[in-house]
Every structure is written in structure tokens, then in C-alpha cells.
Amino acid sequence: MEKTANTKTKQIITSEDVHLYYGSFEALHGIDLNFGEHEIAALIGPSGCGKSTYLRCLNRMNDLIPGVKITGSIELEGNDIYAPKVDVVELRKRVGMVFQQPNPFPFSVYENVAYGLRLAGVRDKSLLDERVETSLKQAAIWDEVKDNLYDSALSFSGGQQQRICVARVLAVQPEVVLLDEPTSALDPISSAKIEDTLLNIRDKYTIIIVTHNMQQASRISDRTAFLLNGNLVEYDKTEKLFMNPEKEETSDYLNGKFG
Amino acid sequence: MNSKAANNVATGVIYLLVTAVVGILIFLLGYILITGVPHVSIHFITSAAESFRAGGGIRDQLFNSLYLLVLTLIISFPIALGSGIYLSEYAPHNWFTGLIRTAIEVLSSLPSVVVGLFGYLLFVIKFNLGFSILAGAIALTFFNLPLLTRSIEESLEDVPNLQREAGLSLGLSRWKTITGIVFPAALPGILTGIILSAGRVFGEAAALIYTAGQSAPTVSYTNWNPFSAASFLNPMRPAETLAVHIWKVNTEGVTPDALQISSGASAVLIVVILLFNLAARFLGNWAFKKMTAAK
């Protein structure tokens, strides 16, 4: 099995032997995964396989859950993100996240996107305006909200809210964007728009997406990792993994024998 | 009995109970307002109370109630906000914080007479504050804190966890997430909590009899120096509030129109509390709109 995503692209995130315990329950049994810069990587697998859990290790969102223990190493550009001196706030600025449920703040669209910057200390109104517009454009939602920038973000549809959430993450200009099943609560048309958005921004960002939708993974990702019961079964170029998987479990899962 | 009949019976009983509750409420409000409002006039609200003659008003008592309320909120809100934030955002769920929560609940069910006597012994006597608005405000803070802390904690907890995750994942610190996202989202609820607890403070009498005192010395409303004994802003002066005044007029009033005064004062008290509740709703809605769509 090929462990490194691509020898030619620069590896932005490298992880080795990642174990995660919820109390005494071991949810991840040693995951080795590397992600190349400006690639879209998909994590697939049945419910409870640990794909979201693994994803949340990459920006230390699991720190918020009491009783979680993580061992092994995860490095962002060669620096251990679990080292004691690491500033988690700084890490999360570099590794942004979009969640399963659209979760815009109960503010206006403009405020939603500008908020991260504002609280990070950006005061310059013209810079804020520009960032808001760029981010909303990148997230392919600008045309739908440009006349209603000061309406509550909550007044938009779920699919629009999710793209506002993507724009909100892009506004703080992270290097890596993590997406935890971003389309599972959305209709197919909205999902397709999110997928377009991701393809749209891949030149600027590294994207890691968890999805239970295999077609989605095959449509948008460069690399796909298949996880099962807390183990990494296979990680390869998406085309190779879908057309010609090495492991029998992968092929069984892709063919719908279990799931 | 088939399920349809059972359903009808249950619905009927529920309607009956609701009617009873609403009926009692309307009767009480109606009685107080009908007997009280005829005695309320501009003169009644704007003139000082008389000790022996008829025709006294409630100007000072009304002002004292409002002033006491403001002072109480100034003292209790920061404390309640801090502890509410701690309990909702930082406190781990263990035996110790469980103990704190239980203690808060016990405190909230403390009889106000006990709070008053405690305040009397500790602040009025021991700390030598004398009968004063300040002693009253501190006693009412004891009374008010549990309610306010609880409502702030609950308003903060009502903010979905997804909002906190969203804030943290944007690279905001925990404190900035709380002050910048969770707090504004909880603000309408917090505001409602403040105003509702204010209504209770406004109507409180027992705790104040022993702390703020039962006399309303004549004060000058043009003297803005809070350190001057004659100033209406002086927090060290004794101050009879509206609720205390009603109690006093009824129990030991010697003016010939004691009954009319207490009816009128009751009506004013009820109206002010109603206004508080309406204001709570209005302000809550307004704040929510303001927060959910800037501009």
C-alpha cells in the first residue's frame, strides 16, 4: 500500500500511528496518512469507522471532548501539532473546518464572514469588505447573497448556509480546510454546488473531506482513504482505489456488500 | 372508554385547569386595578407621603423602588454573569460543581424574611451600614443572584454547541468565542432574565423591612451629589420602597386614607411590574433581531 500521497507534491500534513481513545475505548488503531498540498483528499468508510474522529484530530477539535487521549504523531508542515508549546488557536487558524450541520452564527451574512477577521483584530473596513466578497465568491454563494448581505444568515436555505460557512472559513485564509460530511444534510443540488465550490478552491487550499457518499469522493477527490473499524484499510489515488482496489474489504465496501 | 373519548376528556380537563389559572389571574389583577386605579392620580405619584394627614402620595417610595432596583442590578449582574459563564462554559460536571448548583438552588428558595434578617444582622448592625439603600441592595443581591445566575447559565447553555465549535474552528480563543459568539447569541435570553428578576426585586418587601428600612426621609431631587445626606442619590440613606410602603400603610398606617393609599400603591406596583414584563419581551425581541441581522 502506498503510504505517501504523492512523492512529487509537498506533504502538508503527515500523521503516523495515530491512536485515539475515548476513555478505555480505542476508536482509532494507528492511522498513517499523509496529505499533499493543494489536493483534495476524501476519507470514506461506514458509520463509526473513525473517519470523522480522525479528521477532528487534525485541528485538535477532539481536545474539547473530555476523556479523549491521542497518541502517535500528527505534523503540519513538519511541526508536531500536539507538542505542548503549540498554540491551538493558531493551529485552528491554519486548519479550518466546515461541519456536518450548517452552523452559521445568528448574525448577518456579512458579519458571519467578517467575524473571524474582526475578532482576530482586523479593523480596516475596506479590507473586510474585500475579504468578505472574495470569500463569498470562492464559496460560489456571492451571486445569491450579494443583495442581502445584511440579512440574517439563518434566513437562507441549508445549502446556502453551508456555503456561507465555507466562505466564513476561507475568509481567515487557512492552509487546510477540513470538511466533516459537509453535504450529508443537504439536497443533491446544494451538494453539487458545494462540490463545485471545493473544486473551485483546490488551487489555493488543501482540502480533506469526510464523506459517506462514495460517488462524491470519486467525483471530487484526488486521493481517497478507506477506513474501517478504526483502521486505515487503503489509501490511494481515487481512480486507482475505486477502479482497482488492492484490498478485498475495500472492494466489498465499494460494491455495497456492507456499509 | 375508547381512545377518542379519553382524548376528549383529557383535553377538557386541561382546558378547565388553564381556565382556572387564567381566571384567578384575571380576578386578582382586576381586583387590584379596579380598587386601586381610581386612587391613582398625577398628584398621587408626584407628591410625598403624609404621616398623619390624608392626601399623601408615593413619589419617594416609587423612586426608592427604582433606585434600589438599579443598585441591586449593578451589584448582582456582574457577579451573576461571571458565575453563569463559569457554570455554563467552564465548569466540569463533577461533585463540586454539582454542589455549587445545589447551593444556588437552595439559595433561591430561601425565604426572603430570612434573607432580610441576615442582611440586618450582618450589614445593618455588624458592618454598621445602618438602614440604607445599600444594605437593601446587598440583601436583594442575595435574593436575586440565584435567579439571575440560573437564567444566564441557561441562556448560555441554550446556544448550540455547534456555534462554539464554529468559533473555535475559526481560530478564535475560547474567551473570544464566548464573548464574541455565545454571549451575543444568548443576549436576548439574558436580558429577559434580568428584567424578570427585576420584577421580583421590585415587588419584594420582607427582605427590605430590615435592611432598607421603613422610613422615607425627605430628599431633594435637585441635589445630584450622592455623598450629600439630602441627595436622592445618596445610597446610605434609609429608603422605604413601594412594596414596603404598602405593607406598612396596611399594618400600622394612621392616615385616614390608608386604605386608598395602599390600593393605589398596589395598582402602581402591578402596573410597573407589568411594564417590566412587556419591556422584557420587547427588549428581548429587539435584541434578538439586532443580533441576528446586524444593521
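Take every residue in peptide A:132-141, count the Cβ atoms of other chains within 10 Å of its Cβ, and give the average of those counts. Intermediate values should be presented prior to the final figure.
Details: counts 0, 0, 0, 0, 0, 0, 0, 0, 0, 0.
Shielding by partners across A:132-141 averages 0.
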Assign unit charges at the C-beta atoms only (+1 for Lys and Arg, -1 for Asp and Glu), then state the dipole size of the protein assembly as shown relative to its Cα centre in Debye, rounded to the nearest 20.
1400
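If you place +1 on the Cβ of every Lys and Arg, -1 on the Cβ of every Asp and Glu, and leave all else neutral, what size is the dipole of chain B about its Cα centre, to the nearest 20 Debye? Walk me through the numbers on the way to the answer.
Details: 16 positive and 13 negative charges, 106 e Å.
Dipole about the Cα centre, nearest 20: 500 debye.
Taking 31 Å as the cut-off for C-alpha to C-alpha distance, list the pairs among A:Lys69/B:Lys290; A:Lys85/A:Lys125; A:Lys51/B:Lys176; A:Lys69/A:Lys257; A:Lys85/B:Lys176; A:Lys69/A:Lys193 that go past it.
Numbers: A:Lys69/B:Lys290 41 Å; A:Lys85/A:Lys125 34 Å; A:Lys51/B:Lys176 29 Å; A:Lys69/A:Lys257 33 Å; A:Lys85/B:Lys176 20 Å; A:Lys69/A:Lys193 37 Å.
Among A:Lys69/B:Lys290; A:Lys85/A:Lys125; A:Lys51/B:Lys176; A:Lys69/A:Lys257; A:Lys85/B:Lys176; A:Lys69/A:Lys193, the Cα-Cα distance tops 31 Å for A:Lys69/B:Lys290; A:Lys85/A:Lys125; A:Lys69/A:Lys257; A:Lys69/A:Lys193.
Tell me the relative contact order for segment B:134-219 as a rounded percent, counting alpha carbon contacts under 8 Å between residues six or more apart.
Relative contact order here is 49 percent.
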From DSSP H assignment alone, runs of 4+ in chain A each adding -39500 (n - 2.57), the sum over residues rounded to the nearest 500 puts [θ] at 222 nm at -10000 deg cm²/dmol
Across segment A:236-245, in residue order, what do the Karplus-derived ³J(HN,Hα) couplings come to in whole Hz, using 6.51 cos²θ - 1.76 cosθ + 1.60 with θ = phi - 60° and x for Gly and Pro?
7, 4, 4, 4, 5, 5, 7, 7, 8, x
DSSP-defined beta bridges in the protein assembly as shown - what % are antiparallel, rounded to 5
60
Just for the Cα atoms in chain A, what are the lengths along the principal axes, largest first, rounded to whole Å?
53, 43, 37
For chain B, modelled as a GNM with alpha-carbon contacts under 10 angstrom, which of B:Ala103, B:Ala258, B:Ala49 fluctuates the most?
B:Ala103
If you take the charge dipole of segment B:161-295 about its Cα centre, with +1 on Lys and Arg Cβ and -1 on Asp and Glu Cβ, which of B:Leu233, B:Ala267, B:Ile181 is farthest toward its positive end?
B:Ile181
Can you tell me the dipole magnitude for segment A:53-203 around its Cα centre, using point charges on the Cβ only (Lys, Arg +1; Asp, Glu -1), in Debye to the nearest 20?
400
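Given the -39500 (n - 2.57) contribution per DSSP H run of 4+ residues, what per-residue ellipticity at 222 nm results for chain B, rounded to the nearest 500 deg cm²/dmol? It would help to have the intermediate numbers written out before the result.
On the way: 12 runs with 197 residues, N = 295.
Computed mean residue ellipticity for chain B: -22000 deg cm²/dmol.
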So how tilted is helix B:258-292 from the main axis of chain B? Cα-based, degrees 0 to 90, rounded to 10.
30
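Could you give the semi-axes, largest first, of the ellipsoid that matches segment A:164-259, computed as the square roots of 5 times the alpha carbon gyration tensor eigenvalues and rounded to whole Å? Before the final figure, lay out each step's value.
Values: eigenvalues 131, 42, 28 Å².
The answer is 26, 15, 12 Å, longest axis first.
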Just add up the charged neighbours of B:Thr218: K/R +1, D/E -1, any other residue whose Cβ is under 11 Å from the Cβ of B:Thr218.
+1
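Please compute, for peptide A:110-121, the average count of beta-carbon atoms on other protein chains lying within 10 Å of each residue's beta-carbon.
Details: counts 3, 6, 2, 0, 1, 7, 8, 1, 1, 10, 5, 0.
Mean number of neighbouring Cβ atoms from other chains: 4.
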Below 21 Å, Cα to Cα, which lysines can A:Lys10 reach? Residues fewer than 8 away in the same chain don't count.
A:Lys93, A:Lys204, A:Lys237, A:Lys240
Bin all alpha-carbon pair distances of the protein assembly as shown at 10 Å intervals from 0 and give each bin's fraction as a whole percent.
3, 14, 19, 17, 14, 13, 10, 6, 2, 0, 0
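How large is the Kirkwood hydrodynamic radius of segment B:88-137, in angstrom, based on all distinct alpha carbon pairs? Before the final figure, lay out each step's value.
On the way: mean 1/r = 0.0776 Å⁻¹.
Computed over Cα pairs of segment B:88-137, the Kirkwood hydrodynamic radius comes out at 12.9 Å.
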Cα coordinate range in segment B:136-295, projected on the principal axes (Å, largest first)
68, 33, 30
Whole-Å semi-axes of the ellipsoid equivalent to segment B:241-287 (Cα gyration tensor, √5λ, descending)
31, 9, 5
Apply the membrane-span-like helix rule to chain A: whole DSSP H runs, Cα extent along the own long axis of at least 24 Å, mean Kyte-Doolittle hydropathy at least 0.5. List the helices found.
none
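Of the DSSP beta bridges with both residues in segment A:72-225, give the percent that are antiparallel, rounding to the nearest 5.
25
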For chain B, the Rg and Dmax computed from alpha carbons only, in angstrom:
22.7, 76
Positive end of the dipole of segment B:47-206, charges at C-beta (+1 Lys, Arg; -1 Asp, Glu), about the Cα centre: which of B:Ser197, B:Leu107, B:Leu134 has its Cα farthest in that direction?
B:Leu134
So what are the three principal axis dimensions of segment B:1-137 from its Cα atoms, in whole Å, longest to shortest?
68, 54, 25
Counting sequence-distant residues (5 or more places) and residues on other chains, those with an amide H built under 5 Å from that of A:Ser108 are A:Ala153, B:Ala294
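Computed from the coordinates by the stated procedures, all read-outs in this text should not be read as laboratory data. Owing to the predicted nature of the structure, the values given are computational and were not obtained by experimental measurement. Cβ: placed from backbone, ideal geometry, glycine included. Neighbour counts: every protein chain shown.
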